[in-house]
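Take a look at the structure below.
Throughout, read-outs are computed from the coordinates displayed, never taken from laboratory work. It should be emphasised that the depicted structure is a prediction, and the values quoted were computed from it without experimental measurement. Note: ideal-geometry Cβ built from the backbone for every residue, glycine included; neighbour counts use all protein chains shown.
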Amino acid sequence: MRPVFQKSVLTLVLAIAFFTASSAGTEDTMRHEHHARAYWLDSSTLAWNPPADAPPSAECEFQLFVGTEPYPLVPSGNVGVKRTLAKRFPYLLNYQTLQGTITPSAARAMIKQPLSVVVRHPSRGTVFHSGVQTFGVIDAIATYKGDDLGVRFSEADIPTVKLWAPTAQSVALWIFADPLDAAPAEVVDMTFSDSGVWSATGRPEWKGAYYLYEVEVYVPYTGKVEKNLVTDPYSTSLSTNAKRSFMIDLRDPLTFPTGWKSVRVQGPPNAEDIAIYELHIRDFSANDTTVDPELRGKFLGFSDLKSYGMKHLRQLAAAGLTHVHLLPAFDFGSVNEDVSQQITPQIPNGLAPDSPEAARIIDSIKDKDAYNWGYDPVHYFSPEGSYATDPDGLARIVEFREMIIGLHKTGLNAVLDTVLNHTYRGGQDEKSILDRVVPGYYHRLDANGKIQGTACGDCADTATERFMMEKLMIDSVVSWAKNYKVAGFRFDLMGFHTLSNLKHLRAALNQLTLEKDGIDGSRIYLYGEGWKFGSLEAILPNETANQMNLYGAGVGSFNDRFRDRARGGGFMTETKADQGFITGLYYDNNGIGSKALPQKPRDLRGRLLQYTDAIRVGMAGNLRNFRFRNSEGKSVTGAQIDYHGSPVGYAARPGETINYVSAHDNYDLWDQIAAKAAFQKPDRYPETASIEDRVRMQKLGLALVALGQGVPFFHAGSEFLRSKSGDNNSYNSGDWFNRMDFSLRDNNWGVGLPPGENSGDAAFWAPRLRDPELRASAKDMESTTRYFQALLEIRRDSALLRLTTTEDVQARLRFLETDFGKEQPPGLIVMALQDSIRNRPKLDSSRKLLLVAINVTRHPISFRHSFLKDRKLRLHPNWTEEIEPRVLDSSFTPERGTLAIPAQTVLVYEEPRLKPKR
């Protein structure tokens with residue numbers, strides 16, 4: 001029997017009529033169901049925030065209405081005086097609590113009904129009337145700890161289906177034989193338990209069937225009971241466009257591509273051994289003519305080891321790359337998975353480099369083509385259908401696994417970009433799943449009960465601080481690790497999650513073993529965007545996983561300090577021309593920076609030296625407590641270097657820092673350089689920075705990342721000068737502006753003015769795009785790729801570039817140039833890494849010293865230091881004239897301890913260990 005609350009619709013109608021009649025004239029009465037300013041915290045405690053003009057509580061009557069049933073409440077102080085509640089709800093400390101005689105069992109029934117808190121005064125009538133936010137009481141009385149939500153098959157192929165929906169009045173399971181069947185073949189009423197779970201047991205024939213839930217639930221946003229037909233939040237696969245869930249066992253051999261059983265994943269022993277390459281699945285093969293046309297832009301684009309792209313990845317892996325970070329590959333809502341309904345933009349050949357035509361065409365169809373980055377999650381457990389050759393059923397599972405096999409054959413692990421901070425939609429939207437199952441629970445609400453969208457505007461922030469949303473987060477990540485052998489996870493807007501979320505996730509992953517699960521969970525790397533903003537930061541600032549709070553958590557975060565000081569400016573387009581360490585600040589001033597930069601040469605020099613300090617901290621692992629001499633010669637720590645009023649150094653160990661100079665967001669590095677390098681500057685000779693200058697800037701940026709401590713992170717294509725033709729936000733700019741060419745013939749610069757929100761910068765980009773002197777050649781792309789591979793090899797071959805503790809970095813790493821204080825040459829870094837340290841183990845069997853000298857300026861620098869005197873230095877064997885031709889212009893004079901460092905050049909020296917005499 002289906003449990004049905006027969007009076008639900010009647011009580012709702014009566015409740016609305018009752019409240020409307022009894023509260024006429026008050027502002028909130030007529031639409032109270034759209035406001036939820038009261039909170040139910042545990043079974044017997046509610047909270048409210050009295051209006052400024054509210055009468056004393058002692059004069060008022062308080063009631064909780066469940067439908068039309070009133071339950072008396074008694075004022076009992078405030079949240080702050082109740083230790084348990086204060087810990088759970090620190091953002092409600094000043095709210096007044098209301099106590100009722102309500103048992104957990106009674107509360108489980110009540111939360112299925114319309115709820116209102118009413119406060120009346122004898123003479124003033126109703127002074128407060130509001131709906132109720134119930135997530136607190138749900139966490140207190142109706143959570144589920146089992147690991148079997150969704151569909152689980154027994155050894156006899158008997159499926160059990162479970163849905164957590166504690167506020168639902170009934171749930172029925174609809175079974176479809178085919179994804180397009182109009183009517184279900186079978187409807188099964190599901191059984192409810194006190195944990196909030198509805199369950200049904202099926203038959204073996206259900207395997208391969210499609211299904212939906214019919215959830216009968218009161219929805220505060222609409223003010224009525226709805227019957228929502230919804231897919232399973234724990235769907236492991238789906239039909240086209242996620243219209244129905246697909247019933248399958250991920251352990252079934254039907255889901256195994258050839259070779260899957262032999263896949264075993266054991267990542268590097270330390271986070272610092274990792275090197276990451278960020279890649280969009282469609283970008284990888286959509287333009288690769290060596291890939292079967294039917295497989296381009298798909299998971300299977302990684303299956304042909306002879307393609308340009310896979311050969312390229314194999315070469316990078318051989319050089320030292322370890323992980324490929326895949327942009328969202330879970331089911332997302334921004335691409336139509338039905339290929340027949342997709343529109344392919346028809347962009348004519350031969351357009352001028354600064355033509356607006358390509359942008360016009362892209363803008364006209366941008367929501368109807370096959371392209372989007374995919375930060376629009378709908379289902380967290382299922383691979384995305386638009387990347388499968390068939391979006392129905394099995395293919396997306398099998399083909400995702402084939403992609404993993406392809407990466408493993410090249411020697412690479414996979415990282416999955418997870419977007420658990422928001423869902424694509426909330427409320428009753430068709431693409432809202434969680435909120436149509438348990439309205440008001442999974443999403444973070446504001447003080448009025450409205451879903452917050454601080455992550456991305458029209459999306460819906462998720463509330464992972466709540467038990468069941470954290471559970472979904474952990475369950476989904478563990479599923480990807482266990483069932484798809486994903487070796488790392490990048491968290492989009494990680495500051496929207498709590499430190500506890502990551503701690504609990506880490507503990508769950510650590511339970512995975514090679515023997516039992518085919519993956520060593522303790523070596524799965526976790527990292528993300530630790531930005532400090534958003535709806536969680538507003539209520540739990542001390543608990544968010546932001547950069548400052550992550551100290552010692554063992555989780556990596558992106559180092560925006562390093563990024564901004566290296567290339568200049570920030571992520572805003574207004575600072576696109578602001579120069580940084582590698583792009584000409586002070587030593588090759590472009591004259592067009594924003595007001596954020598000083599104008600006088602002396603002040604620009606000072607700014608460059610400040611920026612260099614931030615880069616030093618980054619190259620030392622961005623450690624909070626790393627002590628060094630700054631640009632003024634003073635002894636300081638990483639935390640004492642300033643970045644817009646915040647510390648530069650914030651990490652406890654190098655592995656907590658992701659150093660990078662470009663990523664999928666904002667301009668890529670080549671376009672950053674195009675915006676910042678000197679261009680048509682009358683008082684410069686030549687007036688425009690040459691293509692060689694620009695290529696060298698790109699190489700300098702790659703070297704800063706690769707040769708520093710921490711985890712290096714590279715945007716795919718940065719090694720071959722990839723451009724997006726000035727597009728600052730290409731998430732929906734199609735294949736045209738996101739094109740990658742692994743044949744290394746064209747870097748995609750000058751394919752037209754960028755689309756969408758970039759249109760306001762047309763006057764800035766047009767003259768640059770049409771200047772033929774700014775076009776990189778195939779030779780430039782090839783040389784930068786070889787340069788990048790050599791950097792990876794150098795990093796791979798010495799543990800001195802992969803130090804794992806603050807103590808080791810402090811003992812072994814030294815910046816020589818800062819010993820000269822304010823007299824140091826601007827634009828120079830000379831970093832020594834020593835392996836002959838008392839009371840420290842030997843890390844490098846081949847050398848006792850590595851020396852990295854970086855001169856970003858346009859002129860050679862002669863650098864002399866007593867530390868270098870009589871050293872037996874030689875160029876690193878991987879740092880040859882084929883990789884860096886300017887080594888022929890460099891020299892080292894041991895008698896004087898002098899290095900000659902050519903302009904815009906990185907030198908890597910080593911002092912080899914003496915071979916023992918035979």
* Specify whether the C-alpha gyration tensor of segment 234-374 places it in the rounded, prolate or oblate class, a ≥ b ≥ c being the square roots of the eigenvalues: rounded for a/c under 1.5, otherwise prolate if a/b is larger than b/c and oblate if not. => oblate
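Please give the net charge around residue 717, taking every other residue with its beta carbon less than 12 angstrom from that of residue 717, where Lys and Arg add +1 and Asp and Glu add -1.
Details: positive: 722, 724, 739; negative: 278, 283, 668, 671, 719, 741, 746.
Around residue 717, the charge tally is -4.
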* Only one of the listed values, (1) 0.98; (2) 1.02; (3) 1.12, was derived from the coordinates as Cα Rg over 2.2 N^0.38 Å; which label is it? -> (2)
* Asked: Considering amide H positions built from the backbone, and no H for Pro or chain starts, which residues 5 or more places from residue 460, or on another chain, come under 5 Å of its amide H?
  -> 423, 425
* To do: Give 485/842; 112/298; 162/224; 409/431 a once-over and call out the pairs whose C-alpha atoms are over 32 Å from each other.
  => 485/842; 112/298; 409/431
* To do: Starting from the Cα of residue 632, step 7 Å along the direction of its Cβ; do the same at residue 823; then give the gap between the two resulting points in nm.
  => 1.9 nm
* Asked: How high is the FRET efficiency from residue 763 to residue 640, r the C-beta distance, R0 30 Å, rounded to 0.05?
  -> 0.15
* Round to the nearest 0.05 the FRET efficiency obtained for residue 507 and residue 53 when R0 = 35 Å and r is the Cβ-Cβ distance. => 0.10
* Asked: When the C-alpha atoms of segment 150-246 are aligned to their principal axes, what extent does each axis show, in angstrom, from largest down?
  -> 41, 31, 21
* Structure fact -> Neighbours of residue 209 by Cβ distance under 11 Å: Lys/Arg at +1, Asp/Glu at -1, summed charge -1
* Asked: Length gain on complete extension for the stretch residue 915 to residue 782, per 0.36 nm per residue less the alpha carbon to alpha carbon distance?
  -> 44.3 nm
* Structure fact -> For residue 182 and residue 349, extending 7 Å from Cα along the Cα-Cβ vector and measuring point to point gives, in nm, a value of 4.8 nm
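Apply the a/c threshold of 1.5 to the C-alpha gyration tensor of segment 59-153 and tell me whether it is rounded, prolate or oblate. Mind showing how you got there, number by number?
Working: a/c = 2.76, a/b = 1.60, b/c = 1.73.
Note, shape of segment 59-153 comes out oblate.
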* **18 Å cut-off, amide nitrogen to a point 7 angstrom out along residue 262 Cα→Cβ, residues in segment 384-404** => 401-404
* Structure fact -> So the angle from the long Cα axis of helix 395-409 to the longest Cα principal axis of the chain, reported in degrees to the nearest 10, equals 30 degrees
* Could you tell me whether segment 427-519 comes out rounded, prolate or oblate from its Cα gyration tensor? Rule is a ≥ b ≥ c as square roots of the eigenvalues, rounded for a/c under 1.5, then prolate if a/b exceeds b/c, otherwise oblate. => prolate
* Asked: Tell me, 869, 681 in order of fewest to most beta-carbon neighbours within 10 Å?
  -> 869, 681
* What list of ³J(HN,Hα) values in whole Hz, one per residue of segment 749-764 in order, does the Karplus curve 6.51 cos²θ - 1.76 cosθ + 1.60 (θ = phi - 60°) give from phi, with Gly and Pro shown as x? -> 7, x, 9, x, 4, x, x, x, 5, 7, 4, x, 9, 4, 5, 6
* Using modelled backbone amide H atoms (1.01 Å from N, in-plane), which distant-in-sequence or interchain residues come within less than 5 Å of residue 417's amide H? -> 326, 329, 490
* To do: Could you point to the residue in 714, 829, 846 farthest towards the positive end of the chain's charge dipole, with +1 and -1 charges on the Cβ of Lys/Arg and Asp/Glu respectively?
  => 846
* To do: Find the Cα radius of gyration of segment 358-503, compare it with 2.2 N^0.38 Å by division, and give the number to two decimals.
  => 1.15
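Explain nothing, just the number: dipole magnitude of segment 150-246 about its Cα centre with +1 on each Lys and Arg Cβ and -1 on each Asp and Glu Cβ, in debye rounded to the nearest 20. Display every interim value, and only then the final one.
Details: 8 positive and 12 negative charges, 45 e Å.
That gives a dipole near 220 debye.
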* For segment 839-856, what does the Karplus curve 6.51 cos²θ - 1.76 cosθ + 1.60, with θ = phi - 60°, yield as ³J(HN,Hα) per residue in whole Hz, taken in order and with x for Gly and Pro? -> 6, 10, x, 6, 9, 10, 6, 9, 8, 9, 8, 10, 10, 10, 10, 10, 10, 8
* **5 angstrom amide H check on residue 71, placed H, neighbours 5+ away** => 64, 65, 66
* When the gyration tensor of segment 606-667 is built from Cα positions, what are the square roots of 5 times its three eigenvalues, in whole Å, from largest to smallest? -> 20, 15, 9
* Structure fact -> Net charge (Lys, Arg +1; Asp, Glu -1) of residues whose beta-carbon lies under 14 Å from that of residue 75, residue 75 excluded, is 0
* What ³J(HN,Hα) values, in whole Hz, does the Karplus curve 6.51 cos²θ - 1.76 cosθ + 1.60 give for segment 265-271 when θ = phi - 60°, with x put for Gly and Pro? -> 10, 9, x, x, x, 10, 4
* Farthest positive-ward along the chain dipole, Cα basis, beta-carbon charges - from 654, 67, 486 -> 654
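Let's test the formula: R0 of 41 Å, r as the Cβ-Cβ distance of residue 542 and residue 154. What FRET efficiency results, to the nearest 0.05? Before the final figure, lay out each step's value.
Working: r = 45 Å, r/R0 = 1.09.
The pair residue 542/residue 154 has a calculated efficiency of 0.35.
Can you give the Kirkwood hydrodynamic radius for segment 560-645, in Å, rounded to one decimal and based on Cα pairs? List each step's numbers first, then the result.
Details: mean 1/r = 0.0762 Å⁻¹.
Answer for segment 560-645: a Kirkwood hydrodynamic radius of 13.1 Å.
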* To do: Multiply the residue gap between residue 842 and residue 109 by 0.36 nm, knock off their C-alpha separation, and tell me the result in nm, one decimal place.
  => 257.3 nm
* Positive dipole terminus of the chain, leading residue within 432, 38, 313 (C-beta point charges) -> 313
